Amino acid sequence: MSGFGYTGGRSRCFTYWQEFSRCYAQTDNPAACRPQSEDYLECLHGTKEVARAKQVKAELLRKAQAAVREGQKAADISADGGIVGLGLIKRSVEEAETKK
């Protein structure tokens with residue numbers, strides 16, 4: 001691996017490659033370099049980042065759908081013919097209780 005990117009400088013993942021390569025050269029057990037390998041592959045492909053972004057998006061959609069359902073419930077209640085007060089005219093507590 002040369003370590004040069006498209007523009008002639010270091011590639012974005014070259015430092016991860018160096019860490020992995022150094023570990024692999026110094027160890028007798030290649031499995032000990034698994035974390036460095038995972039870091040390098042994540043830098044190259046971004047699979048964990050993409051998975052996390054999908055998880056966040058799914059949660060946002062779930063919350064938006066729940067808010068829509070709550071809005072539909074409120075709209076159904078007001079559409080049933082009940083008189084909805086806008087709160088523009090202040091009533092006394094006694095009047096409000098007798099009207100119910």
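Worth pointing out:
- The stretch 1-52, residues that are in a helix (DSSP H, G or I) and among the basic types (Lys, Arg): 22, 34, 48, 52
- Residues within the stretch 22-49 that are of a type in the set (S, T, N, Q) and either over 21 Å from residue 11 (Cα atoms) or open to solvent by 70 Å² or more (accessible area, probe 1.4 Å) (or both), tallied: 4
The values are calculated or read from the model by the stated rules, or taken from the named source; none is laboratory data. Computed from a predicted structure; not experimentally measured. To get the accessible areas, we keep the full protein, side chains included, count just its heavy atoms, and leave off ligands, DNA and RNA. Shrake-Rupley method; radii C 1.70, N 1.55, O 1.52, S 1.80 Å.
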